[in-house]
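Structure first, commentary second.
Values quoted throughout were computed directly from the atomic coordinates according to the rules given, and no laboratory measurement underlies them. Bear in mind the structure is a predicted one, so any value in this text is a computation, not a measurement. Here the Cβ is made from the backbone with ideal geometry for all residues, glycine too, and neighbour counts use every protein chain on show.
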Amino acid sequence: MSTSPVEYPEVGDLVVATVTRVVDYGAYVKLDEYDGVEGLIHISEIASTYVKNIRVHVREGQKLVLKVLRVNPQRFQVDLSLRRVTGREKSDKMLEWKKVKKADSLIKSAAERLKVGNEDVDKIRGVLYEKFDNPYDAFEATVDDGEETFTKLGIAEDWAKALTEVARSKIRLEKAKVTGTVELTCAKTAGVEAIRQALHGAKKVKKSRGTTIKVYTLGSPKYRFEVRSKEITDAQATLNLAVQEALSAIKGLGGEGRRLG
């Protein structure tokens with residue numbers, strides 16, 4: 001995304017655009033991520049099938065995800081395609097764009113708390129765009145990791161605090177949850193301590209940022225692991241690692257273990 005009126009997208013890029021005018025030979029759009037840049041979707045790039053009435057496919061004010069076919073800055077010309085965008089590309093790009101808009105809104109909310117102007121806002125925005133593919137990722141990270149997400153980027157502490165407070169008040173991370181049950185026993189004198197060590201080690205396995213592991217006693221010798229993560233695949237992988245760590249640890253400490261589910 002850019003605030004510069006002279007910056008153009010590159011051929012092959014996916015862009016979000018708003019339809020401004022529909023004519024018989026195509027549709028004119030405004031590129032939402034490139035301030036002041038307009039483009040044209042020729043009627044031949046509207047749909048894969050014959051288009052008898054273009055207004056059946058697009059309408060003024062409609063938001064579209066488009067693929068850039070040609071760019072000619074000297075003629076202020078951007079040719080775009082609707083038909084060459086897959087359903088997956090459309091959903092992924094629209095989600096990315098919405099997150100960018102949310103990030104901008106969060107930055108502005110933090111600026112209002114600090115009572116600072118647009119110049120400071122632009123500086124913070126610039127840092128986040130430089131360090132993250134999508135600045136919204138920084139706000140999701142700070143929900144779990146705190147102000148350090150921003151201070152380690154060189155952002156002042158007052159800004160880091162404001163950005164973190166805004167993120168935690170506006171963002172609710174949805175996490176996938178998986179569970180697994182193990183049975184751990186150890187007949188040695190220090191058996192209870194051995195089980196405690198095995199469970200403690202399981203909670204310390206390597207995991208992706210934002211992933212949590214909790215262990216609950218179901219009644220000795222059964223213990224349940226609960227893993228939460230942003231992605232179900234990450235949660236399942238972490239659960240498997242935690243269970244394997246517990247079973248290996250208890251065996252190494254002279255006990256026995258098995259996975260029940």
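Some values worked out for this structure:
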item: Summed residue charge, Cβ within 13 Å of residue 221's Cβ, Lys/Arg positive, Asp/Glu negative; result: +3
item: Virtual spin-label span in nm between residue 131 and residue 47, 7 Å along Cα→Cβ; result: 4.7
item: Kirkwood-Stokes translational diffusion coefficient of the range 14-85, alpha-carbon pairs, 25 °C, 0.890 mPa s, µm²/s; result: 206
item: Members of 63/207; 98/175; 161/230; 67/115; 63/170; 30/90 lying beyond 29 Å, as alpha-carbon distances in this model show; result: 63/207; 67/115
item: Spatial extent of the range 88-170: Rg and Dmax, with the Cα atoms as the point set, Å; result: 12.4, 41
item: Folded to 0 to 90 degrees: helix 87-114 orientation relative to the chain principal axis, Cα; result: 80
item: For the range 147-159, Karplus couplings with θ = phi - 60° (6.51, -1.76, 1.60), whole Hz, Gly/Pro x; result: 4, 4, 3, 9, 5, 6, 8, x, 7, 4, 4, 5, 5
item: FRET E, pair residue 122, residue 59, Förster distance 51 Å, beta-carbon r, rounded to 0.05; result: 0.90
item: Order of 129, 34 - criterion: other Cβ atoms within 10 Å of each residue's Cβ, fewest first; result: 129, 34
item: Gain upon complete extension [residue 169, residue 187; 0.36 nm per residue less C-alpha separation]; result: 1.6 nm
item: Which label in [x] 1, 6, 10, 11, 10, 9, 9, 9, 9, 7, 6, 4, 3, 2, 1, 0, 0, 0; [y] 1, 5, 11, 15, 16, 16, 13, 10, 7, 4, 2, 1, 0, 0; [z] 1, 6, 12, 17, 19, 17, 13, 9, 4, 2, 0, 0 gives the computed P(r) over Cα pairs in 5 Å bins from 0, in percent; result: [x]
item: With Cα atoms, 0 to 90° folded angle of helix 118-131 axis to the chain main axis; result: 60
item: Crossing angle, helix 136-145 versus the chain [Cα axis fit, 0-90 degrees, rounded to tens]; result: 20
item: Relative contact order %, the range 180-236, counting alpha carbon pairs below 8 Å whose residues are six or more apart; result: 36
item: Stokes-Einstein D for the range 176-259, Kirkwood Rh over Cα pairs, 4 °C, 1.567 mPa s (µm²/s); result: 103
item: Length released on extending from residue 112 to residue 89, taking residue separation times 0.36 nm less the Cα-Cα span; result: 4.8 nm
item: FRET E, pair residue 241, residue 145, Förster distance 25 Å, beta-carbon r, rounded to 0.05; result: 0.75
item: Contour minus Cα-Cα distance for residue 209 and residue 222 (0.36 nm per residue); result: 1.9 nm
